[in-house]
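For reference, the structure I am asking about is given below.
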Amino acid sequence: MNEFLSQCRQLIGAPHVLTEPADTEAFLTDWRRRFSGRALAVLKPGSTAEVAAVVQLCNRFRVPIVPQGGNTGLVLGSVPDASGTAIVLSLTRLTRVRALDTVNNTITVEAGCILEQVQNAAADAERLFPLSLAAEGSCTLGGNLSTNAGGTGVLRYGNTRELCLGLEVVTPQGEIWSSLRGLRKDNTGYDLRNLFIGAEGTLGIITAAVLKLFPQPKAQMTAVAALQSADDALRLLTLAQSHCGAALTGFELMSELCLQLVAKHFPQVRQPFAQSHPQYVLLELSDSESEQHANAMLENVIEQALEQGIIEDAVAAVSIAQSQALWHLREHIPLAQAEEGKNIKHDISVPISHIGEFVRVTDALLQQDFPGVRMVTFGHLGDGNLHYNVSPAEGTPGDALLEQQPAINRVVYDSVMRFGGSISAEHGVGALKRDEIRHYKSPVEIELMQAIKRALDPLNLMNPGKVV
């Protein structure tokens, strides 16, 4: 492969072809540091044209390609396998904001732009880009699109798919397809855009996108409510939606153990209540009228929820600093669980109406088969997406829990399917869940996915071993 690497250096410049272990290590290890692969090289092209040229070269030499953005994924979708035959194609040099149109309410960005960079560019133009994730300071828009990321604003604004109006993509043959027109209506054939969104780089490489912007809200109000159960959280959701409508932009469920772990590992993060409660909901309103209007809506919801016995207590933020402090609780949950030790993550979704029953039934099944395991349950209740994570019993080593991961996954995933859900809500499939989905998708669905893959990538060079 010396000739291949030599031509890569000619195409994109020798400094952007990384082969030394010290230079490549960060690109080969997944975010949770559970797996490290090997690669022929890490290539960092600086433009869409250079990406296309590299893909054409990989076709000639039959070199597999693993596209990568910020490498913050949790399903081994952006790291290579252990064979060492693939290249990692890092998009981190494609960082331009190409255009921002305040009349059309769109922003055109390259795939290597950090999510926070796009949020800030929108804010500078007095607009809102509503995608918000815990990893927004390091994840990239290309990765967000490739996994159809969700986040905390899905209830109001939808997944990344709903926020995208057009793409620029390098095909597996090294051709460039562009639909960067910013159109909200285009009924001229197959929806190619949505084919590439969520494909995790298995059908092509997203290099740029046109994204929707929204007016900045006049006010945002945040509160945390304490409840007895996930069923009560659903009652609160119904109440909040009936009174607030589209102004309800965030509705996050957090179990008791979530806040206990945050208090244990991040004592500087202030707890909202003096005593513990079984469940908590973080809710946020984004109002287009005024702070007074938003505050009145929030007060009305809390007052009625207390009167109806839906919630036991509530704390509302009265300043930006207090609002940020409440969100810090939610954002520190994954970090606290990581500090606690090894755990088993499940990014699942079920119909919103079944969430309470799913939690009760599945918690009981896990305790029956794996006594003492601790449930760290949190997530976007408003759209049915739970991070239903399992931590070992007190005093049990994390490695012992991981030995039981296949059996624990089967209990959880079988329960998810009984309730009509999905075993991957917003993190994708990657390599981690590729074999799992075969248990839960019909043969017809799997064959249709494989047929699309064969048609677009007949050489199977695009992120092989992922998704299908």
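The values are calculated or read from the model by the stated rules, or taken from the named source; none is laboratory data. Predicted model only: the values in this text are computed from it and were never measured. Because the Cβ atoms are built from the backbone with ideal geometry, glycine has one as well, and the counts that use them run over all protein chains shown.
Quickly run through segment 192-221 and pick out the residues that are surrounded by 24 or more Cβ atoms within 10 Å (Cβ to Cβ) and modelled with pLDDT under 95.
Correct list: MET221 only.
So is GLU357 out of contact with any strand residue (DSSP E or B) (no Cβ under 8 Å at 6 or more places or on another chain) and of a type in the set (Asp, Glu) or not?
When the stated conditions are applied, GLU357 passes them.
Name the residue that is nearest to the chain's Cα centre (by Cα), counting only residues in segment 410-426 that are of a type outside the set (S, T, N, Q) and in a loop (DSSP other than H, G, I, E, B).
GLU426
For segment 12-35, name all the residues that are surrounded by 17 or more Cβ atoms within 10 Å (Cβ to Cβ) and assigned to a helix (DSSP H, G or I).
ILE12, HIS16, THR24, PHE27, LEU28
Restricted to segment 260-278, and to residues that are touching a residue at least 60 places away in the same chain (Cβ under 8 Å), over 21 Å from VAL359 (Cα atoms) and of a type outside the set (Val, Ile, Thr), which residue is surrounded by the fewest Cβ atoms within 10 Å (Cβ to Cβ)?
That would be LYS264.
Can you name the residue in segment 79-103 that is small (Gly, Ala, Ser) and under 21 Å from LEU57 (Cβ atoms) and, of all such residues, is nearest to the chain's Cα centre (by Cα)?
SER90
Then there's this: Within segment 350-362, is even one residue more than 20 Å from ARG418 (Cα to Cα) and polar (S, T, N, Q)?
No.
Being over 16 Å from ALA233 (Cβ atoms), exposed (fewer than 15 other Cβ atoms within 10 Å of the Cβ) and touching a Leu at 6+ places or on another chain (Cβ under 9 Å) is the filter here; which residues of segment 325-379 pass it?
GLU339, GLY341
So, in segment 310-337, how many residues would count as being aliphatic (A, V, I, L, M) and either over 17 Å from THR152 (Cβ atoms) or without any contact (Cβ under 8 Å) to a residue 12 or more places away in the chain (or both)? Working first, answer last.
First pass over segment 310-337, keeping only residues aliphatic (A, V, I, L, M): 310-311, 314-318, 320-321, 325-326, 329, 333, 335-336.
With either over 17 Å from THR152 (Cβ atoms) or without any contact (Cβ under 8 Å) to a residue 12 or more places away in the chain (or both) added as a condition, the list becomes 310-311, 314-316, 318, 320-321, 336.
Qualifying residue count for the region: 9.
Can you name the residue in segment 306-349 that is modelled with pLDDT under 95 and among the hydroxyl-bearing types (Ser, Thr, Tyr) and, of all such residues, is nearest to GLU256 (Cα to Cα)?
Across segment 306-349, the extreme among qualifying residues is SER323.
Can you find a residue that is part of a loop (DSSP other than H, G, I, E, B) and of a type in the set (Phe, Trp, Tyr) anywhere in segment 386-397? Step through it out loud before you land on a result.
As a first pass, look at segment 386-397 and keep what is part of a loop (DSSP other than H, G, I, E, B): 392-397.
Still in the running and of a type in the set (Phe, Trp, Tyr): none.
No: zero hits.
Sticking with this one: Only residues that are touching a helix residue (DSSP H, G or I) at 6+ places or on another chain (Cβ under 8 Å) and among the β-branched types (Val, Ile, Thr): list them for segment 76-113, please.
Residues satisfying the conditions are VAL79, ILE87, VAL88, THR95, VAL97, ILE107, VAL109.
To continue, here is another question. Could you tell me which of the residues LEU40, LEU28, LEU18 is of a type in the set (A, V, I, L, M, F, W, C) and within 13 Å of GLN68 (Cα to Cα)?
The unique qualifying residue is LEU28.
Right, another one. Here is a check on your reading of the model: is THR106 modelled with pLDDT of 95 or more, among the hydroxyl-bearing types (Ser, Thr, Tyr) and closer than 29 Å to LEU381 by Cβ?
Against the criterion (modelled with pLDDT of 95 or more, among the hydroxyl-bearing types (Ser, Thr, Tyr) and closer than 29 Å to LEU381 by Cβ), THR106 does not qualify.
Determine whether segment 43-56 contains at least one residue that is touching a helix residue (DSSP H, G or I) at 6+ places or on another chain (Cβ under 6 Å), among the charged types (D, E, K, R), assigned to a loop (DSSP other than H, G, I, E, B) and surrounded by 19 or more Cβ atoms within 10 Å (Cβ to Cβ).
yes
Determine the pairs where a residue that is within 30 Å of ALA49 (Cβ to Cβ), located within segment 200-225, has a partner that is part of a loop (DSSP other than H, G, I, E, B) and charged (D, E, K, R) with Cβ atoms under 6 Å apart, the partner being 6 or more residues away or on another chain.
That search, which allows pairs on different chains as well, returns GLU200/LYS466; THR202/LYS466.
Name the pairs whose Cβ atoms lie under 8 Å apart, with the first residue in segment 372-395 and assigned by TED's automatic domain parsing to the domain that holds ALA425, the second of a type in the set (Lys, Arg) and in a strand (DSSP E or B), and 6 or more positions between them or separate chains?
Taking only residues 6 or more apart or on different chains, the pairs are VAL390/ARG374; SER391/ARG374; PRO392/ARG374; ALA393/ARG374; GLU394/ARG374.
Now a separate question. From the set of residues in segment 351-395 that are of a type in the set (S, T, N, Q) and over 18 Å from LEU133 (Cβ atoms), which is nearest to the chain's Cα centre (by Cα)?
Filtering segment 351-395 for residues that are of a type in the set (S, T, N, Q) and over 18 Å from LEU133 (Cβ atoms), the one nearest to the chain's Cα centre (by Cα) comes out as THR377.
Could you go through segment 433-450 and let me know if any residue there is at positive phi and either surrounded by 22 or more Cβ atoms within 10 Å (Cβ to Cβ) or outside the structural domain of ILE197 (by TED's automatic domain parsing) (or both).
Start the filter on segment 433-450 by keeping residues that are at positive phi, which leaves none.
No, there is no match, as no residue in segment 433-450 is at positive phi and either surrounded by 22 or more Cβ atoms within 10 Å (Cβ to Cβ) or outside the structural domain of ILE197 (by TED's automatic domain parsing) (or both).
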